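Here is the structure we will look at, set down as structure tokens.
The values are calculated or read from the model by the stated rules, or taken from the named source; none is laboratory data. Since we're looking at a predicted model, the values are computed, not measured. Cβ coordinates were reconstructed from backbone atoms using ideal geometry, including for glycine residues, and neighbour counts include every protein chain displayed. Side chains included, ligands, DNA and RNA excluded: accessible areas come from the protein's heavy atoms. Shrake-Rupley method; radii C 1.70, N 1.55, O 1.52, S 1.80 Å.
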Amino acid sequence: AGAGTARIVAGNANAPVIEAFGDPSAWPFRTAVLSGPPRSGKSLFARWFAETAKGEAIDNADTLDETELFHRWNRAQERAVPLLLVCDVPEGNWKIALPDLASRIGAALHLEIGAPDDAMLAALIAVHAEQRGLVLDEAAAQYLVPRCERSQLGVERLVMAIDRLRLERKQPPGMAIWREALEEITGVRQPRLL
């Protein structure tokens with residue numbers, strides 16, 4: 001799926017979110033709360049939802065004034081419009097002082113983007129490389145996937161480091177650059193393969 005120039009990479013980490021977006025009318029009170037780690041695609045999902053589901057998406061909902069959020073929830077209910085609330089705090093950690101809002105958010109469908117598996121990590125590496133005009137072949141994915149941080153943000157940082165190192169060295173990315181980028185990002189020395 002796409003949203004602007006950035007793309008949502010579908011995989012194990014976000015499959016339940018994509019599935020739930022298929023029928024927002026089935027959500028309790030047509031409301032869902034989406035959380036996940038930094039750079040995991042929450043804002044992309046919010047834009048995609050607003051564009052395709054004819055619903056309202058509120059990004060960073062956990063930072064809004066609670067009274068304003070409560071009024072927006074009520075307006076969505078009055079208009080029978082699905083409402084997606086995106087927050088940075090994991091389920092159960094969003095502390096809401098306003099009792100009426102807390103009960104409504106508590107009754108909503110809670111969706112969380114998880115950690116990507118190997119297939120999704122490989123796809124994320126490919127997408128981030130493509131966005132940078134960086135050519136990484138299958139050997140790169142085979143080497144990087146088992147060694148990289150298992151998060152969307154970790155992959156983004158890794159590909160950024162590979163790109164920076166190849167530009168500094170004015171050479172195509174190969175094993176030496178992959179290894180150095182991994183060491184830089186993970187802080188773990190990578191064995192030199194013969």
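Please indicate, with yes or no, whether at least one residue in segment 113-131 is within 30 Å of R75 (Cβ to Cβ) and either surrounded by 13 or more Cβ atoms within 10 Å (Cβ to Cβ) or of a type outside the set (S, T, Y) (or both). Before the answer, list the steps.
From segment 113-131, those within 30 Å of R75 (Cβ to Cβ) are 113; that's our starting set.
From the residues that got through so far, the ones that are either surrounded by 13 or more Cβ atoms within 10 Å (Cβ to Cβ) or of a type outside the set (S, T, Y) (or both) too are 113.
Yes, there is a match, as at least one residue in segment 113-131 is within 30 Å of R75 (Cβ to Cβ) and either surrounded by 13 or more Cβ atoms within 10 Å (Cβ to Cβ) or of a type outside the set (S, T, Y) (or both).
Is at least one residue of segment 51-67 modelled with pLDDT of 95 or more, loosely packed, with under 15 Cβ neighbours inside 10 Å and over 27 Å from R157 (Cβ atoms)? Yes; the residues of segment 51-67 include at least one that is modelled with pLDDT of 95 or more, loosely packed, with under 15 Cβ neighbours inside 10 Å and over 27 Å from R157 (Cβ atoms).
Here is a yes/no grid of residues against (1) without any contact (Cβ under 8 Å) to a residue 24 or more places away in the chain; (2) on the phi > 0 side of the Ramachandran plot; (3) not aliphatic (A, V, I, L, M):
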site: R39; (1), (2), (3): no, yes, yes
site: R79; (1), (2), (3): yes, no, yes
site: P82; (1), (2), (3): no, no, yes
site: G92; (1), (2), (3): yes, yes, yes
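Cβ separations smaller than 7 Å between residues 6+ apart or across chains give the following pairs from segment 13-26 residues that are at negative phi to residues that are assigned to a helix (DSSP H, G or I) and of a type in the set (K, R): P24/R30. Between E56, E51, E68, E78, the distinction of being over 25 Å from G22 (Cβ atoms) and out of contact with any Ser or Thr (no Cβ under 9 Å at 6 or more places or on another chain) belongs to E68 only.
Out of the residues in segment 76-112 that are of a type in the set (A, V, I, L, M) and open to solvent by 50 Å² or more (accessible area, probe 1.4 Å), state the one that is farthest from P28 (Cα to Cα).
The extreme case among them is A97.
With the structure loaded, tell me whether L167 is without any contact (Cβ under 8 Å) to a residue 12 or more places away in the chain and farther than 30 Å from E56 by Cβ or whether it fails that test.
yes
Of the residues that make up segment 160-168, is at least one at pLDDT below 95, aliphatic (A, V, I, L, M) and within 23 Å of the chain's Cα centre (by Cα)? No, there is no match, as no residue in segment 160-168 is at pLDDT below 95, aliphatic (A, V, I, L, M) and within 23 Å of the chain's Cα centre (by Cα).
Quickly run through segment 60-119 and pick out the residues that are farther than 22 Å from R47 by Cβ, touching a Leu at 6+ places or on another chain (Cβ under 9 Å) and in a helix (DSSP H, G or I). If the condition is that a residue be farther than 22 Å from R47 by Cβ, touching a Leu at 6+ places or on another chain (Cβ under 9 Å) and in a helix (DSSP H, G or I), then E66, T67, F70, Q77, L101 are the ones that fit.
Under the condition of being open to solvent by 10 Å² or more (accessible area, probe 1.4 Å), in a helix (DSSP H, G or I) and within 16 Å of V9 (Cβ to Cβ), the residues counted in segment 132-151 number 1.
Against the test of being touching a residue at least 12 places away in the same chain (Cβ under 8 Å), closer than 20 Å to K42 by Cα and either among the β-branched types (V, I, T) or in contact with a helix residue (DSSP H, G or I) (Cβ under 6 Å, 6 or more places away or on another chain) (or both), the options V155, V135 yield a single qualifying residue, V155. Only one entry in A26, A1, A13 is open to solvent by 50 Å² or more (accessible area, probe 1.4 Å), modelled with pLDDT under 95, within 19 Å of G114 (Cα to Cα) and of a type outside the set (S, T, Y), namely A1.
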